[in-house]
1. Exactly one condition in (1) at pLDDT 95 or above; (2) farther than 13 Å from residue 268 by Cβ; (3) in contact with a helix residue (DSSP H, G or I) (Cβ under 6 Å, 6 or more places away or on another chain) is not met by residue 355; state its number.
2. Assuming residue 336 fulfils every condition listed in (1) buried (at least 16 other Cβ atoms within 10 Å of the Cβ); (2) free of Cβ contacts under 8 Å to residues at least 60 places away in the same chain; (3) acidic (Asp, Glu) apart from one, which condition is it?
3. Considering each of 54, 41, 77, 13 in turn, give the residue that is assigned to a helix (DSSP H, G or I), among the aliphatic types (A, V, I, L, M), on the phi < 0 side of the Ramachandran plot and modelled with pLDDT of 95 or more.
4. Do the conditions hold for residue 293, that is, is it surrounded by 15 or more Cβ atoms within 10 Å (Cβ to Cβ), assigned to a helix (DSSP H, G or I) and hydroxyl-bearing (Ser, Thr, Tyr)?
5. Of everything in segment 143-168, what is of a type in the set (D, E, K, R) and either out of contact with any Phe, Trp or Tyr (no Cβ under 6 Å at 6 or more places or on another chain) or more than 26 Å from residue 258 (Cα to Cα) (or both)? Give them in sequence order.
6. Scan segment 127-147 for residues that are crowded, with 18+ Cβ neighbours inside 10 Å and either without any contact (Cβ under 8 Å) to a residue 60 or more places away in the chain or under 29 Å from residue 213 (Cα atoms) (or both) and report the count.
7. With respect to residue 79, is the statement that it is touching a Cys at 6+ places or on another chain (Cβ under 7 Å) and crowded, with 16+ Cβ neighbours inside 10 Å true?
8. Go through the residues of segment 179-195 one by one and say whether even a single one is surrounded by fewer than 24 Cβ atoms within 10 Å (Cβ to Cβ), in contact (Cβ under 8 Å) with a residue 12 or more places away in the chain and on the phi > 0 side of the Ramachandran plot.
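The values are calculated or read from the model by the stated rules, or taken from the named source; none is laboratory data. Nothing here was measured: the structure is a model prediction, and the numbers come from that model. Every residue, glycine as well, gets a Cβ built from its backbone with ideal geometry; the counts of neighbours run over all protein chains shown.
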Amino acid sequence: MYKKLFIPGPTHVDDEILEAMAIPMIGHRDTLYSDLHGEVVPKLKKFLNTTGHVYLSASSSTGMMEGSVRNVVNKKVLMTDCGAFSKRWAQIAEFNGKDMDVIKVEMGQAITPEMVDDYLSKGGFDAVCITHNETSTGVLNPLEEIGELIKEKYPDVLILVDAVSSMAGTDIKVDDWGLDVVLAGTQKAFALPPGLCVVTVSEAALERSASVENKGYYFNFEVLEKYAVKNQTPATPAISLINALNVQMDRIIEEGVENRFQRHNDMAEFVQGWTKKNFDLYSDEKYLSPTVTNVHNTRGIDVVELNAELAKRGAMLSNGYGALKGKCFRIAHMGDLQVADVKWLTEQIDEILGL
């Protein structure tokens with residue numbers, strides 16, 4: 001049975017986007033593809049507030065996270081751990097033999113500029129990796145403030161951002177905030193199927209890449225740039241997904257960027273209000289995510305059973321992740337979902353639980 005997804009990825013995909021993927025296939029070295037590539041990249045640059053480089057990768061976001069570490073880290077990298085998904089940065093650095101230090105906070109807490117300042121003041125770092133929106137806890141880290149701090153006090157330290165579950169759901173001003181690499185998969189707030197990663201790369205990051213050895217081929221910034229100037233990709237692109245992304249960017253422009261972000265905020269406020277009325281919020285309310293709410297399961301309900309009942313009604317939410325399984329459950333409100341959708345979902349939960 002078809003279920004509307006209220007999980008933090010993959011997200012619900014509208015029929016118009018699915019239809020955009022059903023175009024006849026074209027050759028990836030044909031001018032038809034170059035024209036398509038050349039259409040979507042400028043839209044992404046404007047949307048993400050950058051004049052830098054934008055690359056499209058047929059991969060998950062994790063692939064480009066690894067690529068960015070391999071391209072940018074020459075000396076030592078500062079990792080930030082505030083939940084299950086932000087841990088991945090450190091795992092990637094370890095597996096690639098990079099020297100690192102890690103800021104670790106309790107789940108539900110945010111990484112603050114003061115913490116980053118304290119670590120960077122020790123010296124020796126040439127990069128910082130941060131997860132903008134931690135989907136395991138529903139925390140949005142203060143990226144703008146962290147970026148401003150680093151660029152003011154540590155201008156040689158490059159900033160690498162996992163914006164996987166925030167990009168297209170909340171404003172990101174890449175250039176104004178001084179961000180060097182910002183990446184996201186299209187299966188979350190862009191509301192496309194999985195398989196495509198969007199990444200912005202600053203001039204400083206591209207220059208750093210030129211000085212780093214053994215950074216591989218597939219995610220090599222220099223190789224990506226060589227093809228990007230011709231509106232191409234080094235390896236076969238995800239043509240169907242890129243066509244869908246182009247259509248989605250037109251839809252975003254038609255909705256209005258600010259309207260889109262406000263819609264996400266409205267959905268978040270509704271779900272957060274419902275959560276405080278019936279359960280509790282797990283994370284620090286000062287840093288709540290606009291794209292996913294982590295509900296503290298204060299009633300001790302069986303989340304698996306709740307999801308089974310929701311499935312009968314055509315919906316699906318997410319259990320708590322990792323250590324929070326059963327202790328929390330998560331309601332995503334991102335992509336093309338509307339306030340009416342999250343109201344309908346909470347009504348179903350109310351009926352099932354007798355709230």
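1. Here residue 355 meets the rest and fails (1).
2. Looking at each condition in turn, residue 336 falls short on (2).
3. 41
4. The answer is no for residue 293.
5. 145, 148, 151, 152, 153, 156, 162
6. 9
7. In short, yes.
8. yes
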